[in-house]
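Below you'll find the structure, written out as structure tokens, and then a few comments.
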Amino acid sequence: MLVICGLIREARLARRLVPRADILIGGGQSARLRADLGERARQHRGLILSAGIAGALDPELAPGDIVIDGDPETLARLTRALPVAKVGTVIGQDKIAVDPATKRALAVRGKAVDMESHIAFEVACVHGLPFCAVRVISDTAHETLPPAALVGMKADGGMALGRVLASLVHHPQQLPDLIRIGRQSGLAFRNLAGAFDALARAGFA
């Protein structure tokens, strides 16, 4: 299984809980991810899984909810492995969906949004590989992400703590929203770990 994540933290969970998986980290670098994944897919004949946290487009989704998507056969397996998950289209785009207006516009296309699933799907289609997405909601369709949350990802998928702190210094009023998003993300990562564990037990590794 080839696992596509956006963040180092997501990849660490995958490596610990699905140790046989081959993992790529996007880090918000869509062109690089597309090239790296295309190269890897030429040598890979198994499942491509897009996994990590995501923003909600469906107003009924709450932080921690798991959304699954994929080709019919793989989605049937996912549904058995993750019976609490909600089935729906996971879309991707090259930038973060920041505010409710943006999310409403995207909601006509899907249930959740991230920055990797569209690339994983495209590459899977080109190479005739099965595809699925397992994404856990960190921010709801009603929420606007604070500026500090938008500068926190480094190109390698790590945490740009200096940029986050600088943003807080310039805009201290965002601190309550940043704390809330941090708590929601913590829940999302815990549920992502549970999802990876369930996938490994179901034989997805």
Report summary line: Checked segment 20-70 for anything acidic (D, E) and modelled with pLDDT of 95 or more; matches are D58, E60, D65, D69
Query - Filter result for the condition that a residue is within 22 Å of T144 (Cβ to Cβ) and modelled with pLDDT of 95 or more, over V113, V87 - result: V113
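Restricting to segment 1-19, count the residues that are within 26 Å of V87 (Cβ to Cβ) and either part of a loop (DSSP other than H, G, I, E, B) or not aliphatic (A, V, I, L, M) (or both).
Result for segment 1-19: 7.
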Report task. Within segment 25-64, work out how many residues are within 19 Å of Q184 (Cβ to Cβ) and surrounded by fewer than 24 Cβ atoms within 10 Å (Cβ to Cβ). Result -> 8
Report task. Select from segment 77-96 the residues that are among the basic types (K, R) and surrounded by 17 or more Cβ atoms within 10 Å (Cβ to Cβ) and list them in ascending order. Result -> R77
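Residues that are touching a Pro at 6+ places or on another chain (Cβ under 8 Å), without any contact (Cβ under 8 Å) to a residue 40 or more places away in the chain and surrounded by fewer than 16 Cβ atoms within 10 Å (Cβ to Cβ): list the helices (runs of 4 or more DSSP H) wholly contained in segment 97-200 that include at least 3 such residues.
Working: elements: 100-106, 117-127, 147-150, 161-170.
The helices (runs of 4 or more DSSP H) meeting that bar number zero.
The values are calculated or read from the model by the stated rules, or taken from the named source; none is laboratory data. Source: prediction; values computed, not measured. When we count neighbours, we look across all protein chains shown, and the Cβ atoms used for this are built from the backbone with ideal geometry, even at glycine.
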